[in-house]
Amino acid sequence: MLVPGKIVLDHAFQNHYAVGAFNANNMEQVQAIVDAAAETQSPVFIQVSRGALKYSRLIYLKHIIQAAAEEHPEVPIVMHLDHGNSLAVVKTAIGLGFTSVMIDGSLDESGKKALSFEENLSLTKAVLDYARPFGVSVEAELGTIGGVEDGAGVKRIHVTDPAQAEEFVKQAPVDSLAIAIGTSHGATKFSGECVLAHDVQQEIHRRLPHTPLVMHGSSSVPEELVAIVNKYGGQMPNTKGVDIPQLQQTIQHGVSKVNVDTDGRIVMTGAIRKFFVEHPDKFDVREYMGPARDALRDMIKGRMIAFGSAGQGPKIQQINLEQAKQFYAR
Ligand code: G3H
Ligand code: 13P
Ligand code: ZN
């Protein structure tokens with residue numbers, strides 16, 4: 001069933017686990033995500049970026065995600081807009097039936113200029129005012145997570161200031177807050193070992209003891225997955241992603257949602273490359289998309305277990321947007 005983000009986030013927060021948020025662009029990815037959730041009894045965020053909305057011509061993904069919810073009514077699924085950057089995009093997502101939106105006010109709409117604290121705050125407040133009457137949950141971002149955010153090519157990381165985070169949530173009481181503590185998007189995260197600002201993260205949690213925190217840029221870029229891509233003709237550099245034990249540490253201190261996209265891209269690419277090299281005579285789309293879907297499902301199951309969400313799905317009271325409206329009206 002499609003549920004508002006807040007229901008899942010609050011359950012994760014109170015029970016010290018994190019829900020995995022996985023990006024989808026097509027049917028196979030949605031199926032892999034929901035199958036992983038069903039098999040591990042996890043709640044899940046299926047998240048759609050602006051690029052994915054465009055690629056899927058707005059309505060296709062919405063219907064595919066609704067199909068996943070119909071196939072698996074027992075799984076609490078949040079249909080989430082990833083990195084919305086304007087009220088207009090948020091309105092589009094809510095119009096499509098999304099149950100959760102992210103407003104990323106860290107950068108302006110071009111993705112090139114940082115928004116000021118005040119600009120981010122006023123954009124986030126406008127999104128809250130718009131989303132609340134629909135029962136839709138809102139995630140904001142403070143600080144800048146490095147890497148390519150929706151193709152903008154931004155490469156900078158501004159670690160979130162805990163005092164600002166406290167002030168931000170006081171003025172804009174969002175359902176969750178994405179923070180920057182050293183992660184970045186994409187496959188190239190750390191040149192050496194993974195270093196996260198755990199002290200900053202814990203201080204933010206201390207100052208915001210009731211706010212679920214979100215970790216973006218959380219792919220771990222496993223060496224063995226990159227090795228499969230390269231073994232079958234790929235040319236990915238060997239880089240370091242986020243260390244899973246370090247992620248688990250953040251989950252003990254208020255991180256309730258962990259975003260993973262890149263690992264899914266790597267695992268599907270590896271499976272497809274392998275298939276083509278091993279079966280140069282084959283050309284049935286289902287024969288190579290099937291193994292890619294299975295490989296993605298298995299990777300995601302591993303993350304759900306690592307983040308502690310496995311087994312939590314049946315414990316979540318499922319509500320719909322109509323019920324969430326009353327919840328937010330309180
Ligand atoms: O945060 C970015 C996500 O990985 C989505 O990437 O904009 O290329 O779909 P995308
Ligand atoms: P990765 O690039 O590390 O998978 O991060 C994805 C993400 O944060 C989506 O919002
Ligand atoms: Zn992100």
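Counting other Cβ atoms within 10 Å as a rough exposure proxy, the listed residues PHE98, PHE327, PHE283, PHE168 run PHE283, PHE327, PHE168, PHE98 from fewest neighbours to most. Normalised by the number of residues in the chain, the average gap of Cα pairs under 8 Å and 6 or more apart makes the relative contact order 24 percent.
Using a cut-off of 14 Å between beta-carbons, work out the net charge of the residues near SER220 (Lys and Arg +1, Asp and Glu -1, SER220 not included). Can you show the working numbers first?
Details: positive: LYS189, LYS240, ARG265, ARG303; negative: GLU193, GLU223, GLU224, ASP243, ASP261, ASP263.
My count for the surroundings of SER220 gives -2.
On the beta carbon distance between HIS158 and LYS91, with R0 = 25 Å, the FRET formula returns roughly 0.35. Listed by chain and number, the lysines whose alpha-carbon sits under 29 Å from that of LYS240, ignoring those within fewer than 8 places in the same chain, are LYS112, LYS113, LYS155, LYS189, LYS231, LYS257, LYS274, LYS301.
A simple spin-label model places pseudo-atoms 7 Å from Cα toward Cβ; at GLU167 and HIS63 they are separated by 4.8 nm. With helices as the sole contributors, the chain gives -14500 deg cm²/dmol at 222 nm; each DSSP H run of n ≥ 4 counts as -39500 (n - 2.57), and the sum is divided by every residue.
Peptide packing: for 60-72, 42-54, the average count of neighbouring Cβ atoms within 10 Å per residue gives the ranking 42-54, 60-72, highest mean first. Between PHE327 and GLU74, the simple spin-label model (points 7 angstrom out along Cα→Cβ) gives 2.2 nm. For the chain, the longest principal axis of the alpha carbon atoms and the long axis of helix 285-307 meet at an angle near 50°. The distance between label points at LYS315 and HIS198 comes to 2.4 nm (points 7 Å beyond Cα on the Cα→Cβ vector).
Rule-based calculations on the coordinates, nothing more; no lab input. Note that the structure is predicted; figures quoted are calculated from it, not measured. Here the Cβ is made from the backbone with ideal geometry for all residues, glycine too, and neighbour counts use every protein chain on show.
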